[in-house]
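Visitor: One structure is given below, represented as structure tokens, and several questions about it will come after.
The values are calculated or read from the model by the stated rules, or taken from the named source; none is laboratory data. If you're wondering where the values come from, they're calculated on a predicted model, not measured in any experiment. Quick reminder, even Gly has a Cβ in these numbers, built from the backbone with ideal geometry, and neighbours come from all protein chains shown.
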Amino acid sequence: MPARRTGGALASGLMRRSIAVLAAGIAVGIVAPLPVAVADSGSSALGSGSGSGSGTGSLSGSGGTGNLPPYSQWISDITPIAAAAQTYLTTALPGTTKPAIVFDIDNTVLETNYHPGPIIPAIPPILKLAQWAKSQGASLIFVTGRPALMNVYSQINLSTVGYPVDGLYGGGLTTGSSGAGALADYKTATRASIEAQGYTIVANIGNSASDLSGGHAQQTFKLPDYNGALA
């Protein structure tokens, strides 16, 4: 298993990915009508956090490069985690006041590294889980290290590929360059803010430790990051 990238390499990788996604967002914004404003704008002062490293770059759907496995293996690794989350939620959702599920975005709900583009496809088992949870009364709230100025683009992408969006929080302009610890602090504070609105976060789902640390969720589910190669 390859060694985890640290420090400047992590920050630099996420910054490159953020710039690429931002450029795609600008392109989409030019050609697509703007959607109705998201329920939560995500532009709060909490967005001073930062990001952990990105993956290794663009990959085709038929196989991986660098330290990542083929796409089919990635989906196979995610599927049982999504199934376990649904089993848990079957008992966690009933009777809970304002139940919510918090999701990271990149490589948690969207295939950002495997299928990058203006509209990034949904990860099939996670989309199925999210749509089922929504049908059971859960609010779906997305907390991302992407800058909040990208929220309109993120909303377009998520809605286009089938995700219901009840809340969307983005970070500040430096979220992608200040380190994994700062990103974890930002996401923890955002979940605390969501709880302050009366939500019960029954599950927090992400693919990096910084998505999940810090509490403010009854249960966490970690998707594979392959020792930091896919963040």
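Visitor: Residues that are at pLDDT 95 or above, of a type in the set (Lys, Arg) and not in a helix (DSSP H, G or I): does the stretch 208-227 have at least one?
Guide: The answer is yes, given that some residue of the stretch 208-227 is at pLDDT 95 or above, of a type in the set (Lys, Arg) and not in a helix (DSSP H, G or I).
Visitor: For the stretch 190-206, state whether one or more residues are at pLDDT below 95 and surrounded by fewer than 23 Cβ atoms within 10 Å (Cβ to Cβ).
Guide: No, because not a single residue in the stretch 190-206 is at pLDDT below 95 and surrounded by fewer than 23 Cβ atoms within 10 Å (Cβ to Cβ).
Visitor: Output the residues belonging to the stretch 73-113 that are touching a Ser or Thr at 6+ places or on another chain (Cβ under 8 Å) and of a type outside the set (Asp, Glu). Explain how you work it out, then say what you get.
Guide: Of all residues in the stretch 73-113, those touching a Ser or Thr at 6+ places or on another chain (Cβ under 8 Å) come to 96-101, 104-106, 113.
Hits for the stretch 73-113 are Thr96, Thr97, Lys98, Pro99, Ala100, Ile101, Ile105, Asn113.
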